[in-house]
Amino acid sequence: MRTFLHECMSILLACCLTLQSAPGLGQEKTTGAATGKEAPAATREISKDVVISKFQELQQQSQAIQLLDGKLRSLEFSPAPAREHYWGQTTTYEKVVEGRTEDIIGTIYIHDYVNPNSKDGVALGEATLTSSSGATKTYPFYIIAPNGDVTEAQEYTVVNNEVALQHSYWCCVQGQLAIAGATCTGAIAACSVAAAVATVFSWAVYLGCMGVACGVALAKAFLCCACNGDVFCEFIVGSCSQHTACQAPGGGGGKGGGGGGPPPPPPGSCNGRCCETLHGKCTKCIGRNEECP
């Protein structure tokens, strides 16, 4: 009964949001907000079975995913077994260059992790970009929403074979959604409600709701931020920086905004914003209203 109520609330909130959406957003999944010669050609949610199979493969073949999984388990979080705790999305983004079509295929996979003694929303994920020329970029990560608050989410990836705090992919995504318009900005809060109907916040449910509410805008944000300014994908998906500051509580903060203050620095190591960490200590500290280089 709880699962049925959970899913119904997600669908209801998402549908209400899409009815208010601006042109080019909402549930359009094939053409997107076309501008000139470029547009997301196809955006779709990946089936639960495919996402489950993907994580089984990653657990066996990806050292980064193994390290992130190990860290989460050390924090007493374990993979959530139910199908509704998996989510994935794939998008093809195209651009005509000198008469030929270049494209980028982007995918993101999410799997919730749970701890019966914690209300934090936690998920393991991987974002991948593959170009028609064969270039590939992969970003493995896990993300934590303290007490289910996505605006305060902290994100970690593997740097030099160590799990490290980032500033960050999620901040970049939120900033791009803020630019997309009021519908997506409102969805950040409304979908949080849908994702928290169950006892523990679910990133899979949250992003599924956001995918319906924001459609192409969410897909474009994921691709642009995953590219992070790399030459092979920037000319197709746009220029975004994972170092853009998160918006401070109350609307302040750096450009790109999108809600939520920066993740707190490691205790006792920085009084402002921590841009880089090593062995749990901040190695590059700047003011809270400044941007990481």
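The values are calculated or read from the model by the stated rules, or taken from the named source; none is laboratory data. Just so it is clear, the model here is predicted, and its values are computed rather than measured. Ideal geometry is used to build each Cβ from the backbone, glycine not excepted, and the neighbour counts take in all protein chains shown. These accessible areas exclude ligands, DNA and RNA; they are computed on the full protein's heavy atoms, side chains included. Shrake-Rupley method; radii C 1.70, N 1.55, O 1.52, S 1.80 Å.
Ignoring ligands, DNA and RNA, what accessible area per residue does segment 72-128 give at 1.4 Å, in Å²?
Accessible area per residue: 43 Å².
Starting from the amide H of Val114, placed 1.01 Å from N in the peptide plane, find each other amide H under 5 Å away whose residue is 5 or more places distant or on another chain.
Those qualifying (amide H under 5 Å, at least 5 residues apart or on another chain) are Ser78, Ala80.
How are the Cα pair distances of segment 60-190 distributed, in percent, across 5 Å bins from 0?
So the P(r) values, bin by bin, are 2, 9, 15, 21, 20, 15, 10, 5, 2, 1, 0, 0.
Over segment 146-197, give the accessible area per residue in Å² for a 1.4 Å probe, as an integer.
In whole numbers, segment 146-197 has 36 Å² accessible per residue.
Have a look at Tyr113, Cys172, Ala213 and report the one farthest towards the positive end of the charge dipole of segment 96-237, computed about the Cα centre with Cβ charges (Lys/Arg +1, Asp/Glu -1).
Ala213
If you average the sequence gap of Cα pairs under 8 Å that are 6 or more apart and divide by the length of segment 70-148, what percent do you get for the contact order?
Answer for segment 70-148 is 25 percent.
Please compare each pair in Lys54/Lys137; Lys48/Lys119; Lys119/Lys220; Lys137/Lys220 to a cut-off of 20 Å on the Cα-Cα distance and tell me which ones are over it.
Among Lys54/Lys137; Lys48/Lys119; Lys119/Lys220; Lys137/Lys220, the Cα-Cα distance tops 20 Å for Lys48/Lys119; Lys119/Lys220.
To the nearest 0.05, how large is the calculated FRET efficiency for Leu75 and Val96 if R₀ is 51 Å and r is the Cβ-Cβ distance?
Taking R0 as 51 Å, the efficiency between Leu75 and Val96 is 0.60.
Summarise the accessible area of segment 202-243 (1.4 Å probe, protein heavy atoms) by the percent that is carbon and sulfur.
Here it works out to 59 percent.
If you bin every alpha carbon distance in segment 162-238 into 10 Å steps from zero, what whole percent lands in each bin?
Here the calculated profile for segment 162-238 is 19, 43, 30, 7, 0.
Note down the nm distance, to one decimal, between modelled labels 7 Å out along Cα→Cβ at Ile46 and at Val159.
Computed distance between label sites Ile46 and Val159 equals 2.6 nm.
Roughly to the nearest percent, how much of the accessible area of segment 74-131 is carbon and sulfur, given a 1.4 Å probe?
Here it works out to 48 percent.
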